[in-house]
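Read through the structure below, which is laid out as structure tokens, and then see the notes.
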Amino acid sequence: MHALITKTAVARGSVAACLLLACCLCLFPVAARALSSDAARACVIEAGNAVDNADAACFEQLVDMDAVLDEAVDLFVEEARKPENSSLLPPMLALMFSGAAMAEDNGLGVRQLLVSETRAFVLNGIASGAFAGKKRQDFSSQGMVAPLFDAVSLGRKEIRQVGTPVRRGADWIVPFVLRDHGNGNDYAVRVRVSDTGGSPRVVAVDNLRQLFVILGREAGALES
């Protein structure tokens, strides 16, 4: 995990990439009382259409952004605060994770900023059409995303090979492959889909930590 927090890893979106792997999902109405395997799988299949249609509003209706972002940012902060990684942060993040910034409120402000900016980055990428491979030149982004994500891949994010959902309690774990056309890599993702009032909603990334490890290895290979 030593290479996980390198500048390259951040540039490739250590936080954002993991979110994008899980969050490119759209509302798929379901009338049944209990969420079925077919509905959970269809939810992920419809995700590709949502991203291709640059429908950020639809995206927000289904994905529990708060839950997914909280988990991803918590994992990122855990790694960033390790002494062996602190010297590897790029300047802006190094400042954010400085002793003074983290001591002021036990890092709550830094964490909230990361959540807010990552959320803005994901929604901007969808609404602008960038993640559909057809970015609108007239799109005005929200937030202060440039300083944190200026080098993150804005290539198309394509959901492929949606597999058979596996029951996990009342939820379904749905596997799929996300192709990042910006870097040419494929990522095997597993998301947890829950029934929320008769409609499926993604509430977690089941293999988030493993995805962080993969991103760290990619960054290490590029640094070597």
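Taking 7 Å along the Cα-to-C-beta vector as the label spot, tell me the Asp138-Glu78 distance in nanometres, rounded to one decimal.
Spacing of the two 7 Å Cα→Cβ label points: 4.5 nm.
What spacing in nm lies between the two simple spin-label points modelled at Thr164 and Asp38, each 7 Å away from Cα in the Cβ direction?
Distance between the two pseudo-spin positions: 1.6 nm.
If we count every other residue with Cβ under 13 angstrom of Ile173's Cβ, Lys/Arg +1 and Asp/Glu -1, where does the sum land?
Counting the neighbours of Ile173, the net charge comes to +3.
Taking a virtual spin label 7 Å from the Cα of Asn53 along the C-beta vector, which residues in the range 155-196 bring their backbone nitrogen under 15 Å of it?
Output list for this probe position: empty.
Return the long-range amide H neighbours of Asp206 (sequence gap of 5 or more, or a different chain), with a cut-off of under 5 Å between placed amide H atoms.
Result for Asp206 returns Arg190, Val191, Arg192.
How large is ³J(HN,Hα) for each residue in the range 188-194, as worked out from phi by the Karplus curve 6.51 cos²θ - 1.76 cosθ + 1.60 (θ = phi - 60°), to whole Hz, x for Gly and Pro?
Each residue of the range 188-194 in turn: 7, 10, 10, 10, 9, 10, 10 Hz.
Amide H to amide H, which residues 5 or more places from Val162 or on other chains are under 5 Å from it, using H placed in the peptide plane?
When sequence neighbours closer than 5 places are left aside, the close amide H contacts are Val177.
How charged is the neighbourhood of Gln112? Take every other residue with its Cβ under 11 Å from the Cβ of Gln112, and add Lys/Arg as +1 and Asp/Glu as -1.
After counting each charged neighbour, the total is -1.
On a full-extension model of 0.36 nm per residue, what is the gain between Ala67 and Val213, subtracting their alpha-carbon distance, rounded to one decimal in nm?
Roughly 50.5 nm would be gained on extension.
A short reminder: the numbers here are calculations on the coordinates, not readings from a lab. Please read these numbers as outputs of a predicted model, since none were measured by experiment. Using ideal geometry, Cβ is built from the backbone for each residue, glycine included, and neighbour counts are taken over all protein chains shown.
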